[in-house]
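The values are calculated or read from the model by the stated rules, or taken from the named source; none is laboratory data. Keep in mind that this is a model prediction, so the values were computed, not measured. Glycine gets a Cβ as well: all are built from the backbone with ideal geometry, and neighbour counts include every protein chain shown.
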């Protein structure tokens, strides 16, 4: 498990107005996770006294020499705050006691980072939730992501033809993500498919109407809601909050939507490793509801390339799951077969 040195933990907690002893572990810390999350109560004075506000503080670490990684983390926090200030359904980082959204401290050759935000009410979706059966959850997903894209599209920012922006010196867009995953891939057939997907993306024009700063991991389990509130709505649409933006980057909006839609497919098949086919009509029904919600905020334009971006997601996820699939050859064969068959269509 990853750990934060006691002195670093104490100092960074103090900058956000709490003490290390008051933290309660929330999640993360595994070797494959990007950070560690804790909850704490921030006491805010109101007209009626002191109100405890549930907060989350997240700690990350990078080699102190990797200045670009530190800057990427800082700019992500600043950009997500931009969404929060405009009412997007996303966790919104709040300033430290020093007025900083992003605090850092070096020790032992590492730069430790912390940022904090109000804890979103509720939990991630579960199979038996009523809004899954009615499809209201899928419509709410589309609305949350469409709102995010609409807010960024309206931002006065110019994009370069290569998909980068003068607004960020460190977030270099999907090509950096692609290159990292290619270096991680240990299966040459999947690696070749990944290269064909890259070649297809290289041929797409970068426009504000199709491309921008996106969450980049907005799957179903990176959205939380309050099930008690959902019950009070008598089966209505849940109010979702998007969490975990630590891989946010410049990418095509359709790729961000495909991340969500791929997770919907996974849910319908009862897990990536299940091998079960989707129920008849499930994809058209669930995807249709997603786009219905999305269109409340913006027109996604043509969906002709959706399958390309779904395979981008399918192929990308293969890399972090290489060890698990090596232990389950049947799962690996199914996953590879779908990647390769979809990539082969790019040459047709």
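If you scan segment 326-343, which residues turn out to be touching a residue at least 24 places away in the same chain (Cβ under 8 Å) and assigned to a helix (DSSP H, G or I)? Write out each step before concluding.
We begin by selecting, within segment 326-343, every residue touching a residue at least 24 places away in the same chain (Cβ under 8 Å); these are 328, 330-331, 334-336, 338-340, 342-343.
If the condition is that a residue be touching a residue at least 24 places away in the same chain (Cβ under 8 Å) and assigned to a helix (DSSP H, G or I), then 330, 331, 334, 335, 336, 338, 339, 340, 342, 343 are the ones that fit.
Report those helices (runs of 4 or more DSSP H) wholly inside segment 250-321 carrying at least 1 residues which are at pLDDT below 95, surrounded by 16 or more Cβ atoms within 10 Å (Cβ to Cβ) and within 21 Å of the chain's Cα centre (by Cα).
Working: elements: 253-268, 282-294, 306-318.
Per the criteria, 253-268.
Can you work out which of the residues in segment 137-166 that are part of a loop (DSSP other than H, G, I, E, B) and touching a residue at least 60 places away in the same chain (Cβ under 8 Å) is surrounded by the fewest Cβ atoms within 10 Å (Cβ to Cβ)?
The qualifying residue surrounded by the fewest Cβ atoms within 10 Å (Cβ to Cβ) is 155.
Among 18, 3, which is the only one that is crowded, with 18+ Cβ neighbours inside 10 Å and assigned to a loop (DSSP other than H, G, I, E, B)?
Only one candidate passes the filter, namely 18.
Quick check: is even one residue across segment 186-201 modelled with pLDDT of 95 or more, within 22 Å of residue 75 (Cβ to Cβ) and either assigned by TED's automatic domain parsing to the domain that holds residue 114 or not in a helix (DSSP H, G or I) (or both)? Walk me through it before giving the result.
Residues of segment 186-201 that are modelled with pLDDT of 95 or more, as a first pass: 186-201.
Checking the rest, the ones that are also within 22 Å of residue 75 (Cβ to Cβ) come to none.
Within segment 186-201 (the criterion being modelled with pLDDT of 95 or more, within 22 Å of residue 75 (Cβ to Cβ) and either assigned by TED's automatic domain parsing to the domain that holds residue 114 or not in a helix (DSSP H, G or I) (or both)), the answer is no, since none of the residues qualifies.
For residue 244, are the conditions met, namely being within 26 Å of residue 74 (Cβ to Cβ), under 12 Å from the mean Cα position of the chain (by Cα) and part of a helix (DSSP H, G or I)?
Working: within 26 Å of residue 74 (Cβ to Cβ): yes; under 12 Å from the mean Cα position of the chain (by Cα): yes; part of a helix (DSSP H, G or I): no.
So residue 244 does not fit the description; no.
Quick test for you: out of 111, 116, pick the one residue that is buried (at least 18 other Cβ atoms within 10 Å of the Cβ) and in contact with a helix residue (DSSP H, G or I) (Cβ under 7 Å, 6 or more places away or on another chain). Talk me through it step by step, then tell me what you get.
Working: 116 fails: in contact with a helix residue (DSSP H, G or I) (Cβ under 7 Å, 6 or more places away or on another chain).
The unique qualifying residue is 111.
In this structure, is residue 98 farther than 19 Å from residue 294 by Cα and modelled with pLDDT under 95? Even if it seems obvious, please write down each step before you answer.
Details: farther than 19 Å from residue 294 by Cα: yes; modelled with pLDDT under 95: no.
When the stated conditions are applied, residue 98 does not pass them.
Run residue 128 past the list (1) over 24 Å from residue 308 (Cα atoms); (2) modelled with pLDDT of 95 or more; (3) over 21 Å from the mean Cα position of the chain (by Cα) and report the number of the one that doesn't hold.
Among (1) over 24 Å from residue 308 (Cα atoms); (2) modelled with pLDDT of 95 or more; (3) over 21 Å from the mean Cα position of the chain (by Cα), residue 128 violates only (2).
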